[in-house]
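First comes the structure, then the notes that go with it.
The values are calculated or read from the model by the stated rules, or taken from the named source; none is laboratory data. Because the structure is predicted, anything quoted here is derived from the model rather than measured. Reconstructed Cβ throughout: ideal geometry from the backbone, glycine too, with neighbour counts over all protein chains shown.
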Amino acid sequence: MKKIDDYRVISTKKGDKGTSKNYSNEEFSKSDLLFETLGTMDELTSHLGVCYHTGKYKEEIRKIQKNIQDINSLIATSDEKVRMDKLRPITEFDISFLETLEEAILEKCDITPSFVLPGSDTTKEGACFDLARAIARRAERMLIRFKSEHKRDDLSYVSAYVNRLSDLLFIMARSLENN
């Protein structure tokens, strides 16, 4: 596969007919749930890039973004052999990273588990993490539908990871209000 640097033109025009291919080179309609799921995950990691610039949790956000890149590769690859041999799976260790980080933040902050109206009593940074949390929740819903419709039971740890991530983003948002 060529690197982007090898291309003079990024636009290939191959998707003009409303189809695109997954990493296993299978063609799907661009309206397929595959691309909705990948697009929502991309939106999530893009918004995490905005959260990165709040100055808080930078190292953790970069690790999460890298995991989301791995998740997108897993989602976009229907070939089980390729997934097993060439892609990094999401594991219990990745989920534990999120849970441990959440516990560490909770030890430092007194956070009441209640509904919060984003942007009301929050800081701009907290509101940014709240938006990332909302996107993570949508990504989780898309992922659950994708797993069911495409019969992808191999993504169980992925859906658990995204679920824990949304919890963590809620905690991060609240911790930014307590500073």
Quiz item: If a residue has to be touching a residue at least 60 places away in the same chain (Cβ under 8 Å), among the aliphatic types (A, V, I, L, M) and farther than 16 Å from Ile68 by Cβ to count, how many in the stretch 136-156 make the cut?
Solution: 0
Quiz prompt | Of the criteria (1) of a type outside the set (Asp, Glu); (2) closer than 16 Å to Leu168 by Cβ; (3) assigned to a helix (DSSP H, G or I); (4) at pLDDT 95 or above, which one Ser46 fails | solution = (2)
Practice problem: Could you run through the stretch 57-87 and say how many residues are within 19 Å of Arg164 (Cα to Cα) and in a loop (DSSP other than H, G, I, E, B)? | Solution: 1
Quiz item: If you go through the stretch 90-101 one residue at a time, do you hit one that is free of Cβ contacts under 8 Å to residues at least 24 places away in the same chain, among the acidic types (Asp, Glu) and not in a loop (DSSP other than H, G, I, E, B)?
Solution: no
Quiz item: How about the stretch 64-84: which of its residues are among the basic types (Lys, Arg) and either surrounded by 19 or more Cβ atoms within 10 Å (Cβ to Cβ) or touching a residue at least 12 places away in the same chain (Cβ under 8 Å) (or both)?
Solution: Arg83
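Let's see how each residue does on (1) surrounded by fewer than 11 Cβ atoms within 10 Å (Cβ to Cβ); (2) at pLDDT 95 or above:
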| position | (1), (2) |
| --- | --- |
| Pro89 | no, yes |
| Phe93 | yes, yes |
| Glu102 | no, yes |
| Thr112 | yes, no |
| Gly119 | no, no |
| Lys124 | yes, no |
| Ala127 | no, no |
| Asp130 | no, no |
| Arg138 | no, yes |
Self-check item: Matching residues, the stretch 38-56, being closer than 15 Å to Leu165 by Cβ and over 10 Å from the mean Cα position of the chain (by Cα)
Solution: Gly49, Cys51, Tyr52
